[in-house]
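Notes follow the structure.
The values are calculated or read from the model by the stated rules, or taken from the named source; none is laboratory data. Predicted, not measured: the structure shown is a model, and the values here were computed from it. Cβ placement follows ideal geometry from the backbone for every residue including glycine, while neighbour counts extend to all protein chains displayed. Calculation scope for accessible area: heavy atoms of the full protein, side chains included, ligands and nucleic acids excluded. Shrake-Rupley method; radii C 1.70, N 1.55, O 1.52, S 1.80 Å.
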Amino acid sequence: QVQLVESGGGLVQAGGSLRLSCSASGRTGSMILMGWFRQAPGKEREFVAAIPWSGGSTYYADSVKGRFTISRDNAKNTVYLQMNSLKPEDTAVYYCAADSRYSALFVSRTYSDTQRYTYWGQGTQVTVSS
């Protein structure tokens with residue numbers, strides 16, 4: 001199993017910045033891809049960004065492209081989401097997620113599909129005031 005714990009959320013003014021962290025523990029060697037998702041009240045969970053652990057391209061939702069940056073530190077088993085130029089519409093609970101080579105969920109599913117991911121963190125609240 002893999003356990004994921006998010007941190008770094010909080011309250012900021014529009015135009016401000018936050019950096020979210022997701023620490024992974026357990027069988028982290030099985031992870032292939034890590035992603036960030038967010039969910040606002042009354043809305044479906046939506047894709048934000050993803051990054052592979054073995055190298056390759058990063059992926060971003062159009063709504064955050066140019067403002068958010070996803071990165072990782074394999075030695076620390078940690079993935080980050082740097083959020084700049086925050087807007088009120090960015091307000092949501094942010095979740096990190098990971099897939100696994102031991103799971104069949106990632107097969108035939110894209111990086112932006114919530115159903116691809118096997119493990120999820122508990123979420124961290126991000127609130128952007130106007």
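Rounded to the nearest 20 debye, the dipole size of the chain about its Cα centre is 200 debye, using +1 on the Cβ of Lys and Arg and -1 on the Cβ of Asp and Glu. Summarise the accessible area of the range 1-121 (1.4 Å probe, protein heavy atoms) by the percent that is carbon and sulfur. Roughly 46 percent, rounded to a whole number. Dipole magnitude for the range 68-114: computed about the Cα centre from +1 point charges on Lys and Arg Cβ and -1 point charges on Asp and Glu Cβ, it is near 160 debye. The residues packed around residue 116, meaning those with a beta-carbon under 11 Å from its beta-carbon, carry a net charge of -1 if Lys and Arg are +1 and Asp and Glu are -1.
Starting from the Cα-Cα distance between residue 14 and residue 75, subtract it from 0.36 nm times their residue separation and give me the gain in nm to one decimal.
Details: separation 61, 0.36 × 61 = 21.96 nm, distance 3.32 nm.
Full extension of this stretch gives 18.6 nm more.
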